[in-house]
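The structure appears right after this line, and notes come after that.
The values are calculated or read from the model by the stated rules, or taken from the named source; none is laboratory data. Note that the structure is a prediction, hence the values are computed from the model and not measured. For neighbour counting, all protein chains shown are included, and Cβ atoms are generated from backbone atoms with ideal geometry for every residue, glycine included.
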Amino acid sequence: MKISASIVTIGDEILIGQIVDTNSAMVSRRLGEIGVKTADIISIPDDREQIITRLCEELTRNEIVISTGGLGPTKDDITKEALASLFGSKGYVRHEGQEEEVRRFLHSRGLDVLDINLAQADVPVGCDVIVNHRGTAPIMVFRFDRERFGHPAVLYAMPGVPYETEAALDDVMADICNHFRTESISHSSIMVYGLAESALAKLIEPWETSLPADMHLAYLPNTLMGVRLRLSVYGGEKNEAHARMDTEIRKLEKILGNRIYSLNDEGLEKVVGRLLKDNGFTLSAAESCTGGEIAHLVTSVSGASEYFIGSVTSYSPEVKKNLLGVKAETIEEKGIVSSEVAQAMAEGVRSLLKTDFAVATTGWADAYGDSHEPAGTVWIGVSGPLGTRAERYNYKNDRKRNIERFSASALDFLRRYIIEYLNK
(Lines give C-alpha, C1' and ligand atoms only; values in the text may rest on other atoms or scores of the structure.)
Protein backbone atom coordinates (compact mmCIF):
# COMPACT_ATOMS: atom_id res chain seq x y z
CA MET A 1 0.00 0.00 0.00
CA LYS A 2 1.34 3.40 -0.95
CA ILE A 3 1.13 5.80 1.98
CA SER A 4 1.55 9.55 1.57
CA ALA A 5 2.33 12.17 4.16
CA SER A 6 2.14 15.91 4.58
CA ILE A 7 4.60 17.91 6.67
CA VAL A 8 3.21 21.08 8.21
CA THR A 9 5.17 23.78 9.99
CA ILE A 10 3.17 26.03 12.28
CA GLY A 11 4.31 29.49 13.30
CA ASP A 12 4.64 33.04 12.03
CA GLU A 13 8.40 32.98 12.60
CA ILE A 14 8.92 30.69 9.59
CA LEU A 15 6.62 32.64 7.29
CA ILE A 16 8.37 35.95 8.02
CA GLY A 17 11.81 34.42 7.60
CA GLN A 18 12.83 34.84 11.23
CA ILE A 19 13.96 31.20 11.40
CA VAL A 20 14.84 28.63 8.77
CA ASP A 21 12.73 25.49 8.55
CA THR A 22 15.13 22.56 8.95
CA ASN A 23 12.53 20.23 10.43
CA SER A 24 10.72 19.51 7.17
CA ALA A 25 13.80 18.16 5.40
CA MET A 26 14.68 16.05 8.42
CA VAL A 27 11.17 14.61 8.73
CA SER A 28 10.82 13.99 4.98
CA ARG A 29 14.13 12.14 4.90
CA ARG A 30 13.05 9.85 7.73
CA LEU A 31 9.66 9.20 6.12
CA GLY A 32 11.39 8.17 2.90
CA GLU A 33 13.50 5.69 4.82
CA ILE A 34 10.40 3.80 5.95
CA GLY A 35 8.66 3.92 2.58
CA VAL A 36 6.34 6.89 3.03
CA LYS A 37 6.19 9.46 0.27
CA THR A 38 6.07 13.13 1.30
CA ALA A 39 3.36 14.65 -0.88
CA ASP A 40 3.18 18.15 0.63
CA ILE A 41 5.23 20.51 2.76
CA ILE A 42 3.33 23.60 3.87
CA SER A 43 3.60 26.38 6.46
CA ILE A 44 0.70 27.75 8.47
CA PRO A 45 0.63 30.98 10.52
CA ASP A 46 -0.34 31.18 14.19
CA ASP A 47 -4.02 31.47 13.37
CA ARG A 48 -6.54 29.10 14.96
CA GLU A 49 -8.92 28.85 12.02
CA GLN A 50 -6.15 28.39 9.48
CA ILE A 51 -4.54 25.67 11.58
CA ILE A 52 -7.81 23.73 11.75
CA THR A 53 -8.78 24.28 8.11
CA ARG A 54 -5.37 23.53 6.59
CA LEU A 55 -4.79 20.45 8.74
CA CYS A 56 -8.20 19.09 7.72
CA GLU A 57 -7.26 19.58 4.08
CA GLU A 58 -3.97 17.76 4.54
CA LEU A 59 -5.58 14.89 6.47
CA THR A 60 -8.11 14.50 3.65
CA ARG A 61 -5.32 14.19 1.07
CA ASN A 62 -2.87 12.10 3.09
CA GLU A 63 -2.90 9.24 5.56
CA ILE A 64 -0.20 10.86 7.70
CA VAL A 65 0.31 14.47 8.71
CA ILE A 66 3.28 15.54 10.81
CA SER A 67 3.19 19.08 12.19
CA THR A 68 6.01 20.86 13.99
CA GLY A 69 5.85 24.04 16.06
CA GLY A 70 3.32 26.06 17.99
CA LEU A 71 3.45 23.96 21.16
CA GLY A 72 5.31 26.32 23.50
CA PRO A 73 4.14 27.46 26.95
CA THR A 74 3.29 31.06 26.05
CA LYS A 75 -0.05 32.57 25.04
CA ASP A 76 0.92 32.96 21.38
CA ASP A 77 1.22 29.18 21.10
CA ILE A 78 -2.36 28.33 20.18
CA THR A 79 -1.80 25.07 18.34
CA LYS A 80 -2.76 22.70 21.15
CA GLU A 81 -6.18 24.31 21.56
CA ALA A 82 -6.74 24.23 17.79
CA LEU A 83 -5.78 20.55 17.68
CA ALA A 84 -8.19 19.76 20.53
CA SER A 85 -10.98 21.45 18.59
CA LEU A 86 -10.07 19.61 15.39
CA PHE A 87 -10.09 16.29 17.23
CA GLY A 88 -13.32 17.05 19.09
CA SER A 89 -11.78 16.76 22.56
CA LYS A 90 -13.87 18.16 25.42
CA GLY A 91 -11.01 18.78 27.82
CA TYR A 92 -7.43 18.02 28.81
CA VAL A 93 -5.69 15.45 30.97
CA ARG A 94 -2.26 15.55 32.59
CA HIS A 95 0.17 13.04 31.10
CA GLU A 96 2.27 11.76 33.99
CA GLY A 97 5.20 10.64 31.88
CA GLN A 98 5.55 14.05 30.25
CA GLU A 99 5.09 15.83 33.58
CA GLU A 100 8.00 13.84 34.95
CA GLU A 101 10.10 14.90 31.97
CA VAL A 102 9.11 18.56 32.48
CA ARG A 103 10.27 18.46 36.10
CA ARG A 104 13.50 16.66 35.23
CA PHE A 105 14.19 19.04 32.34
CA LEU A 106 13.74 22.18 34.48
CA HIS A 107 15.60 20.81 37.52
CA SER A 108 18.58 19.86 35.34
CA ARG A 109 18.86 23.51 34.33
CA GLY A 110 18.37 24.89 37.82
CA LEU A 111 14.98 26.41 36.92
CA ASP A 112 11.84 26.64 39.01
CA VAL A 113 8.92 24.41 38.04
CA LEU A 114 6.07 26.78 37.25
CA ASP A 115 2.43 26.02 36.52
CA ILE A 116 2.91 27.32 32.97
CA ASN A 117 5.58 24.67 32.46
CA LEU A 118 3.54 21.83 33.96
CA ALA A 119 0.64 22.78 31.69
CA GLN A 120 2.80 21.57 28.80
CA ALA A 121 2.02 18.02 30.00
CA ASP A 122 -1.74 18.61 29.59
CA VAL A 123 -2.99 16.94 26.41
CA PRO A 124 -6.42 16.80 24.72
CA VAL A 125 -8.60 13.93 25.89
CA GLY A 126 -8.37 10.95 23.54
CA CYS A 127 -5.00 11.62 21.95
CA ASP A 128 -2.03 9.32 22.37
CA VAL A 129 1.29 10.66 23.65
CA ILE A 130 4.92 10.04 22.73
CA VAL A 131 7.02 11.46 25.55
CA ASN A 132 9.46 14.20 24.60
CA HIS A 133 12.71 13.41 26.41
CA ARG A 134 14.49 16.57 25.17
CA GLY A 135 11.94 19.23 26.08
CA THR A 136 8.66 19.99 27.78
CA ALA A 137 6.02 19.65 25.01
CA PRO A 138 4.96 16.05 24.28
CA ILE A 139 4.36 14.61 20.85
CA MET A 140 0.57 14.34 20.56
CA VAL A 141 -0.86 11.65 18.29
CA PHE A 142 -4.41 12.07 16.97
CA ARG A 143 -5.91 9.03 15.24
CA PHE A 144 -8.92 9.47 12.96
CA ASP A 145 -11.11 6.66 11.64
CA ARG A 146 -12.13 6.22 8.02
CA GLU A 147 -15.41 8.10 8.40
CA ARG A 148 -13.76 11.43 9.18
CA PHE A 149 -11.50 11.88 6.15
CA GLY A 150 -12.39 8.94 3.89
CA HIS A 151 -9.44 6.87 5.07
CA PRO A 152 -7.66 6.14 8.36
CA ALA A 153 -5.44 9.11 9.16
CA VAL A 154 -2.99 10.08 11.89
CA LEU A 155 -1.75 13.51 12.91
CA TYR A 156 1.53 13.75 14.82
CA ALA A 157 1.94 17.14 16.51
CA MET A 158 5.62 17.65 17.33
CA PRO A 159 7.57 20.48 18.98
CA GLY A 160 9.32 22.93 16.68
CA VAL A 161 12.77 22.91 18.30
CA PRO A 162 14.86 20.90 15.78
CA TYR A 163 16.85 18.82 18.26
CA GLU A 164 13.63 17.88 20.07
CA THR A 165 12.01 16.91 16.78
CA GLU A 166 15.04 14.88 15.75
CA ALA A 167 15.17 13.00 19.05
CA ALA A 168 11.49 11.98 18.81
CA LEU A 169 11.54 10.83 15.19
CA ASP A 170 12.60 7.26 15.98
CA ASP A 171 9.46 6.81 18.09
CA VAL A 172 7.25 8.53 15.51
CA MET A 173 8.57 6.39 12.66
CA ALA A 174 8.11 3.25 14.77
CA ASP A 175 4.50 4.25 15.46
CA ILE A 176 3.87 4.78 11.75
CA CYS A 177 5.31 1.36 10.91
CA ASN A 178 3.12 -0.23 13.59
CA HIS A 179 -0.07 1.28 12.14
CA PHE A 180 0.54 1.33 8.38
CA ARG A 181 1.80 -1.17 5.82
CA THR A 182 4.36 0.91 3.95
CA GLU A 183 6.12 0.32 0.65
CA SER A 184 9.74 -0.78 0.82
CA ILE A 185 12.23 1.89 -0.30
CA SER A 186 15.96 1.19 -0.53
CA HIS A 187 18.56 3.94 -0.81
CA SER A 188 22.31 3.99 -1.38
CA SER A 189 24.49 7.10 -1.30
CA ILE A 190 27.65 7.83 -3.28
CA MET A 191 29.55 10.88 -2.02
CA VAL A 192 31.49 12.69 -4.75
CA TYR A 193 33.83 15.67 -4.49
CA GLY A 194 35.71 17.71 -7.07
CA LEU A 195 33.12 17.87 -9.84
CA ALA A 196 30.33 20.37 -10.37
CA GLU A 197 26.87 18.83 -10.63
CA SER A 198 26.63 19.53 -14.38
CA ALA A 199 30.10 18.13 -15.11
CA LEU A 200 29.37 15.07 -13.02
CA ALA A 201 26.07 14.46 -14.83
CA LYS A 202 27.80 14.65 -18.22
CA LEU A 203 30.60 12.31 -17.14
CA ILE A 204 28.31 9.59 -15.82
CA GLU A 205 25.50 10.00 -18.37
CA PRO A 206 26.13 6.63 -20.10
CA TRP A 207 26.14 4.85 -16.73
CA GLU A 208 22.98 6.65 -15.61
CA THR A 209 21.19 5.89 -18.87
CA SER A 210 21.94 2.18 -18.47
CA LEU A 211 20.49 1.90 -14.95
CA PRO A 212 17.62 -0.61 -14.52
CA ALA A 213 14.19 0.93 -15.05
CA ASP A 214 13.22 0.60 -11.38
CA MET A 215 16.42 2.24 -10.14
CA HIS A 216 16.33 6.02 -9.76
CA LEU A 217 19.23 8.47 -9.41
CA ALA A 218 19.09 11.86 -7.68
CA TYR A 219 21.77 14.58 -7.57
CA LEU A 220 21.99 16.33 -4.20
CA PRO A 221 24.71 19.04 -4.22
CA ASN A 222 26.02 20.51 -0.98
CA THR A 223 28.70 23.16 -0.44
CA LEU A 224 30.58 21.19 2.22
CA MET A 225 29.90 17.67 0.97
CA GLY A 226 30.19 17.97 -2.80
CA VAL A 227 27.49 16.01 -4.64
CA ARG A 228 25.59 13.19 -3.00
CA LEU A 229 24.35 10.72 -5.60
CA ARG A 230 21.36 8.83 -4.23
CA LEU A 231 20.29 5.59 -5.81
CA SER A 232 16.78 4.40 -4.93
CA VAL A 233 14.72 1.31 -5.57
CA TYR A 234 11.02 1.44 -4.74
CA GLY A 235 9.40 -1.84 -3.74
CA GLY A 236 10.90 -5.31 -3.64
CA GLU A 237 13.05 -6.96 -1.01
CA LYS A 238 15.67 -4.70 0.57
CA ASN A 239 18.64 -7.08 0.56
CA GLU A 240 18.09 -7.88 -3.11
CA ALA A 241 17.68 -4.19 -3.96
CA HIS A 242 20.92 -3.24 -2.17
CA ALA A 243 22.80 -6.06 -3.89
CA ARG A 244 21.66 -4.74 -7.27
CA MET A 245 22.61 -1.17 -6.35
CA ASP A 246 26.04 -2.35 -5.18
CA THR A 247 26.61 -3.83 -8.63
CA GLU A 248 25.85 -0.48 -10.25
CA ILE A 249 28.02 1.40 -7.75
CA ARG A 250 31.01 -0.80 -8.61
CA LYS A 251 30.57 0.24 -12.25
CA LEU A 252 30.44 3.88 -11.19
CA GLU A 253 33.63 3.56 -9.13
CA LYS A 254 35.52 2.61 -12.30
CA ILE A 255 34.37 5.90 -13.88
CA LEU A 256 34.88 8.29 -10.96
CA GLY A 257 37.82 6.73 -9.12
CA ASN A 258 38.98 8.72 -6.10
CA ARG A 259 36.39 11.42 -6.71
CA ILE A 260 34.15 9.11 -4.69
CA TYR A 261 35.10 9.63 -1.09
CA SER A 262 32.41 7.67 0.74
CA LEU A 263 29.54 5.26 0.28
CA ASN A 264 28.20 5.91 3.76
CA ASP A 265 26.42 9.26 3.41
CA GLU A 266 29.04 11.11 5.46
CA GLY A 267 31.06 14.29 5.15
CA LEU A 268 34.72 14.74 4.26
CA GLU A 269 35.60 15.54 7.87
CA LYS A 270 34.51 12.04 8.97
CA VAL A 271 36.34 10.34 6.13
CA VAL A 272 39.57 12.24 6.83
CA GLY A 273 39.19 11.63 10.55
CA ARG A 274 38.84 7.90 10.01
CA LEU A 275 41.92 7.78 7.76
CA LEU A 276 43.95 9.54 10.44
CA LYS A 277 42.60 7.59 13.40
CA ASP A 278 42.79 4.14 11.82
CA ASN A 279 46.45 4.68 10.87
CA GLY A 280 47.61 6.48 13.98
CA PHE A 281 48.36 9.73 12.13
CA THR A 282 48.18 13.26 13.52
CA LEU A 283 47.04 16.47 11.84
CA SER A 284 47.50 20.21 12.26
CA ALA A 285 46.13 23.17 10.30
CA ALA A 286 47.19 26.71 9.41
CA GLU A 287 44.25 28.78 8.22
CA SER A 288 44.08 32.26 6.80
CA CYS A 289 41.03 32.84 4.59
CA THR A 290 39.08 29.95 6.16
CA GLY A 291 39.41 31.50 9.60
CA GLY A 292 39.22 28.26 11.59
CA GLU A 293 36.51 26.53 9.53
CA ILE A 294 38.72 23.53 8.83
CA ALA A 295 39.48 23.11 12.53
CA HIS A 296 35.77 23.45 13.26
CA LEU A 297 34.86 20.73 10.76
CA VAL A 298 37.57 18.36 11.94
CA THR A 299 36.69 18.78 15.62
CA SER A 300 32.96 18.35 14.96
CA VAL A 301 33.70 14.62 14.69
CA SER A 302 33.60 12.68 17.94
CA GLY A 303 37.06 11.41 18.87
CA ALA A 304 38.95 14.07 16.90
CA SER A 305 41.25 14.66 19.89
CA GLU A 306 42.95 11.36 19.02
CA TYR A 307 44.40 12.78 15.80
CA PHE A 308 43.91 16.56 15.62
CA ILE A 309 46.68 18.35 17.53
CA GLY A 310 45.73 21.97 16.89
CA SER A 311 45.63 24.86 14.46
CA VAL A 312 46.91 28.37 13.87
CA THR A 313 44.55 31.00 12.47
CA SER A 314 47.23 33.02 10.73
CA TYR A 315 45.09 35.80 9.35
CA SER A 316 47.69 38.56 9.21
CA PRO A 317 51.03 38.45 7.33
CA GLU A 318 52.81 39.00 10.65
CA VAL A 319 51.47 35.74 12.10
CA LYS A 320 52.40 33.89 8.93
CA LYS A 321 55.95 35.26 9.18
CA ASN A 322 56.56 35.26 12.92
CA LEU A 323 54.78 32.06 13.94
CA LEU A 324 54.79 29.88 10.83
CA GLY A 325 58.11 30.99 9.37
CA VAL A 326 56.83 32.23 6.01
CA LYS A 327 59.55 34.42 4.54
CA ALA A 328 58.75 38.09 3.98
CA GLU A 329 60.28 38.01 0.51
CA THR A 330 58.03 35.07 -0.44
CA ILE A 331 54.95 37.10 0.43
CA GLU A 332 56.33 40.17 -1.33
CA GLU A 333 57.39 38.42 -4.52
CA LYS A 334 54.76 35.71 -4.89
CA GLY A 335 51.78 37.31 -3.15
CA ILE A 336 50.03 36.47 0.09
CA VAL A 337 47.72 34.18 -1.91
CA SER A 338 50.13 31.86 -3.67
CA SER A 339 51.36 28.31 -3.89
CA GLU A 340 54.58 29.24 -2.14
CA VAL A 341 52.88 30.84 0.85
CA ALA A 342 50.38 27.97 1.21
CA GLN A 343 53.19 25.42 1.20
CA ALA A 344 55.28 27.43 3.67
CA MET A 345 52.28 27.72 6.01
CA ALA A 346 51.69 23.95 5.89
CA GLU A 347 55.34 23.21 6.56
CA GLY A 348 55.46 25.78 9.33
CA VAL A 349 52.49 24.47 11.31
CA ARG A 350 53.56 20.87 10.79
CA SER A 351 56.96 21.68 12.25
CA LEU A 352 55.49 23.83 15.02
CA LEU A 353 52.99 21.21 16.23
CA LYS A 354 55.02 18.16 15.21
CA THR A 355 52.30 16.34 13.29
CA ASP A 356 52.35 13.73 10.54
CA PHE A 357 50.24 15.86 8.20
CA ALA A 358 49.32 19.52 7.93
CA VAL A 359 46.91 21.48 5.79
CA ALA A 360 46.96 25.23 5.10
CA THR A 361 44.81 27.79 3.28
CA THR A 362 45.45 31.27 1.97
CA GLY A 363 43.00 33.03 -0.30
CA TRP A 364 40.56 35.80 -1.18
CA ALA A 365 37.13 34.80 0.08
CA ASP A 366 35.07 37.69 -1.30
CA ALA A 367 35.22 40.58 -3.77
CA TYR A 368 38.85 41.49 -3.16
CA GLY A 369 41.92 40.15 -4.89
CA ASP A 370 45.34 41.53 -5.79
CA SER A 371 47.70 41.67 -8.75
CA HIS A 372 48.65 38.03 -8.20
CA GLU A 373 45.27 36.34 -7.80
CA PRO A 374 41.64 37.36 -8.37
CA ALA A 375 38.75 37.26 -5.89
CA GLY A 376 37.50 33.79 -4.99
CA THR A 377 40.94 32.18 -5.25
CA VAL A 378 42.41 29.89 -2.62
CA TRP A 379 45.73 28.13 -2.52
CA ILE A 380 45.74 25.01 -0.35
CA GLY A 381 48.94 23.51 0.94
CA VAL A 382 49.37 19.99 2.32
CA SER A 383 52.55 18.77 3.97
CA GLY A 384 53.36 15.21 4.98
CA PRO A 385 55.65 12.24 4.36
CA LEU A 386 55.35 12.67 0.58
CA GLY A 387 56.60 16.25 0.77
CA THR A 388 54.68 19.49 0.42
CA ARG A 389 52.21 20.26 -2.35
CA ALA A 390 49.71 22.95 -3.23
CA GLU A 391 46.53 23.17 -5.29
CA ARG A 392 44.66 26.22 -6.54
CA TYR A 393 40.87 26.66 -6.66
CA ASN A 394 38.67 29.54 -7.70
CA TYR A 395 35.01 29.84 -6.74
CA LYS A 396 32.48 32.51 -7.71
CA ASN A 397 30.37 32.58 -4.57
CA ASP A 398 29.69 34.92 -1.68
CA ARG A 399 32.14 35.07 1.21
CA LYS A 400 30.39 32.48 3.40
CA ARG A 401 30.03 29.89 0.67
CA ASN A 402 33.58 30.48 -0.57
CA ILE A 403 34.93 29.80 2.92
CA GLU A 404 32.90 26.59 3.10
CA ARG A 405 34.10 25.46 -0.32
CA PHE A 406 37.71 26.40 0.45
CA SER A 407 37.52 24.28 3.62
CA ALA A 408 35.88 21.31 1.92
CA SER A 409 38.43 21.44 -0.91
CA ALA A 410 41.23 21.46 1.66
CA LEU A 411 39.86 18.35 3.36
CA ASP A 412 39.47 16.60 0.00
CA PHE A 413 43.04 17.48 -1.04
CA LEU A 414 44.27 16.17 2.32
CA ARG A 415 42.18 12.99 1.89
CA ARG A 416 43.70 12.26 -1.53
CA TYR A 417 47.22 12.96 -0.24
CA ILE A 418 46.82 10.53 2.69
CA ILE A 419 45.39 7.81 0.45
CA GLU A 420 48.30 8.22 -1.98
CA TYR A 421 50.72 7.84 0.90
CA LEU A 422 48.95 4.74 2.20
CA ASN A 423 48.98 3.18 -1.28
CA LYS A 424 52.60 3.91 -2.18
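Worth a mention:
- Among the residues making up the stretch 326-360, those that are out of contact with any helix residue (DSSP H, G or I) (no Cβ under 9 Å at 6 or more places or on another chain), assigned to a helix (DSSP H, G or I) and in contact (Cβ under 8 Å) with a residue 24 or more places away in the chain are Ser339, Ala342, Gln343, Ala346, Glu347, Val349, Arg350, Ser351, Leu352, Leu353.
- Residues that are touching a Ser or Thr at 6+ places or on another chain (Cβ under 9 Å) and assigned to a strand (DSSP E or B) were ranked within the stretch 385-424; the one that is surrounded by the most Cβ atoms within 10 Å (Cβ to Cβ) is Ala390.
- In the stretch 304-325, the residues that are among the aliphatic types (A, V, I, L, M) and either outside any strand (DSSP E or B) or over 12 Å from Val349 (Cβ atoms) (or both): Ala304, Val319, Leu323, Leu324
- Tally, over the stretch 350-365, of residues that are more than 25 Å from the chain's Cα centre (by Cα) and over 18 Å from Ser284 (Cβ atoms): 2
- Residue check for Asp370: surrounded by fewer than 20 Cβ atoms within 10 Å (Cβ to Cβ), under 32 Å from the mean Cα position of the chain (by Cα) and of a type outside the set (Phe, Trp, Tyr): no
- Each residue in the stretch 229-252 was checked for being modelled with pLDDT of 95 or more and closer than 30 Å to Glu293 by Cα, and 1 of them qualify.
- Residue match in the stretch 12-26 (condition: at pLDDT 95 or above and more than 23 Å from Tyr163 (Cα to Cα)): no
- Members of the stretch 96-141 found to be surrounded by fewer than 21 Cβ atoms within 10 Å (Cβ to Cβ), polar (S, T, N, Q) and in contact with a helix residue (DSSP H, G or I) (Cβ under 8 Å, 6 or more places away or on another chain), listed by number: Asn117
- Of the residues making up the stretch 52-72, those that are surrounded by 24 or more Cβ atoms within 10 Å (Cβ to Cβ) and either on the phi > 0 side of the Ramachandran plot or at pLDDT below 95 (or both) are Gly69, Gly70, Leu71.
- Selection within the stretch 33-54 - touching a Ser or Thr at 6+ places or on another chain (Cβ under 7 Å) and outside any strand (DSSP E or B): Ile34, Gly35, Ile51, Ile52
- One residue stands out among those in the stretch 203-236 that are outside any strand (DSSP E or B) and touching a Ser or Thr at 6+ places or on another chain (Cβ under 7 Å): the one that is surrounded by the fewest Cβ atoms within 10 Å (Cβ to Cβ), which is Gly235.
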